Amino acid sequence: MALIKCSECGKEISDKASVCPHCGMPLRSEDRGTYDITITRKKQWFLINPDATITVNNSDKYKLKNDSSIKISLTTGEHTLLFSLGPRKTEAKINVTENATIEMSMNRVSGEINVTGYKLDLKTNTPTVSVGVGGGIFKN
Ligand SMILES: [Zn+2]
């Protein structure tokens, strides 16, 4: 948890607060700070290699091609990233306090989506949502 200054009364408050406990001023996203989260998809060769979809906080969707990166802006605090590729999904919680990088790749054996990176919730490294459906679409 970080402390930020209330833009109204100037007192220090938690960046997780939705309103200032001293003066009642609602906190705006600018008050909390916004950071760049770079998500890179490792270069991998598969017979069929569809674009991945990354859904941020159950709303904004981003496409991520094989061997490419995207940069998204997130405010300080916890966010949910859902990585989808075909029928497979991996959910990661990220606790944003600074710029960070995340790497996604496919497990060649299980076909599951691996997500690794800085400032990710522990659940991330053991995916909280992992839907494996056989299909034999992977070359190796
Ligand atoms: Zn205040």
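The values are calculated or read from the model by the stated rules, or taken from the named source; none is laboratory data. Small disclaimer: the values here were computed from a predicted structure and weren't measured. Every residue, glycine among them, receives a Cβ derived from its backbone with ideal geometry; neighbour counts consider all protein chains shown.
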- Item | Ile13 vs. criteria in contact with a Pro (Cβ under 8 Å, 6 or more places away or on another chain), outside the structural domain of Asn107 (by TED's automatic domain parsing) and more than 17 Å from Thr116 (Cβ to Cβ) | yes
- Note on the structure: Picking from Glu91, Glu98, Glu78, the residue that is among the charged types (D, E, K, R) and assigned to a loop (DSSP other than H, G, I, E, B) would be Glu98
- Message: When you scan the range 42-50, do you find a residue that is at pLDDT 95 or above, more than 16 Å from the ligand (Cβ to nearest atom) and among the basic types (Lys, Arg), even just one?
- Response: no
- Considering the range 25-41 alone, what residues qualify as being within 16 Å of the ligand (Cβ to nearest atom) and either of a type in the set (A, V, I, L, M) or under 12 Å from the mean Cα position of the chain (by Cα) (or both)? Met25, Leu27
- With respect to Ile113, is the statement that it is surrounded by 15 or more Cβ atoms within 10 Å (Cβ to Cβ) and in contact with a Cys (Cβ under 9 Å, 6 or more places away or on another chain) true? no
- Task: Say whether the condition of being surrounded by fewer than 16 Cβ atoms within 10 Å (Cβ to Cβ), over 17 Å from Glu103 (Cβ atoms), more than 16 Å from the ligand (Cβ to nearest atom) and more than 11 Å from the chain's Cα centre (by Cα) is met by at least one residue in the range 10-24.
- Result: no
